[in-house]
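The values are calculated or read from the model by the stated rules, or taken from the named source; none is laboratory data. Keep in mind that this is a model prediction, so the values were computed, not measured. When we count neighbours, we look across all protein chains shown, and the Cβ atoms used for this are built from the backbone with ideal geometry, even at glycine.
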Amino acid sequence: MTLGDDGAVMSQQSRTQRALALVAAVLLGLAAVLTAWSAYRESLTSDLVLKNYSEQQATIALANDTYSRADQQETLETSLFLQWAIAISGGNDGAADYLVQIMSEEVYAAFDWWNQQPEETGPATPFAAENPYFADVPSQVLLAEGTALLEEANGLRLAAEEADAVSDRFDLAGVFFAVVLFVAGLTTVIQRRLIQIGFLTLSVIGLATGIAVLVTTPTWSALS
């Protein structure tokens, strides 16, 4: 082999090295940008997880308070019904009229419907499902509000779990990009061409896998 041939070989190797270094630099740049983007999206999604869980706890607390008020109201309505029923059955019209005055319209409607039912076939108390006015009494309204709040809390829990799963996918994509940064970085310091090519191939596979995870993650491209 002549000096000219040696120079040509060295020149060819030099061009190959530069090409591989350029590929490594491109992979490093892409991986760095995508790592930053995955971390940004993961941070926003984690905030959403915390927000939903916090709102869930607040909503559950509100639902429990509403249920407590419903129990208190139900106790009051039951006591009021017993006094009213005793006054009606005892012919104490004055007491019955007074009790009617302090009742809400919804409670009186439920009591009046019950009072008009046949004793043999009617419900034992106004607090029965067949009473068309029962759902409108304050205790039942509060009970319905408490149930709606619990359903809302459950929706917030599901939203938090969904956001948490999305956050995990951003973390997974970030892991692939971090591997690319490490492997492609090694390529720049290793001189053996076959090893460089192997590392670059591994970097390309890692980058493609990370991108696939990223772009199949909901809201991955959103800025906020």
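Here are a few things to note about the model shown:
- With respect to the conditions (1) free of Cβ contacts under 8 Å to residues at least 24 places away in the same chain; (2) surrounded by 13 or more Cβ atoms within 10 Å (Cβ to Cβ), residue 33 lacks only one, and its number is (2).
- Considering segment 156-198, and only residues there that are polar (S, T, N, Q) and assigned to a helix (DSSP H, G or I), the residue that is nearest to residue 29 (Cα to Cα) turns out to be 187.
- Matching residues, segment 159-180, being small (Gly, Ala, Ser) and either touching a residue at least 60 places away in the same chain (Cβ under 8 Å) or touching a strand residue (DSSP E or B) at 6+ places or on another chain (Cβ under 9 Å) (or both): 159, 160, 163, 167, 173, 174, 178
- Pick from segment 198-218, criterion surrounded by 14 or more Cβ atoms within 10 Å (Cβ to Cβ) and among the hydroxyl-bearing types (Ser, Thr, Tyr), ranking: nearest to the chain's Cα centre (by Cα): 217
- Of all residues in segment 139-196 being under 14 Å from the mean Cα position of the chain (by Cα), buried (at least 17 other Cβ atoms within 10 Å of the Cβ) and among the small types (Gly, Ala, Ser), the one that is nearest to residue 35 (Cα to Cα): 167
- Any chance residue 63 is modelled with pLDDT of 95 or more, farther than 30 Å from residue 171 by Cβ and buried (at least 18 other Cβ atoms within 10 Å of the Cβ): yes
- Restricting attention to segment 101-126, the residues that are modelled with pLDDT of 90 or more and either closer than 13 Å to residue 137 by Cα or among the aliphatic types (A, V, I, L, M) (or both) add up to 13.
- Filter pass, residue 153 being touching a helix residue (DSSP H, G or I) at 6+ places or on another chain (Cβ under 6 Å), part of a helix (DSSP H, G or I) and modelled with pLDDT of 95 or more: yes
- Among the candidates 206, 210, 146, the residue that is assigned to a helix (DSSP H, G or I), at pLDDT 95 or above and under 26 Å from residue 61 (Cα atoms) is uniquely 146.
- Verdict on residue 83 being surrounded by fewer than 18 Cβ atoms within 10 Å (Cβ to Cβ) and either on the phi < 0 side of the Ramachandran plot or touching a helix residue (DSSP H, G or I) at 6+ places or on another chain (Cβ under 8 Å) (or both): yes
- Residue in segment 71-79 that is buried (at least 18 other Cβ atoms within 10 Å of the Cβ) and more than 30 Å from residue 56 (Cβ to Cβ) present: yes
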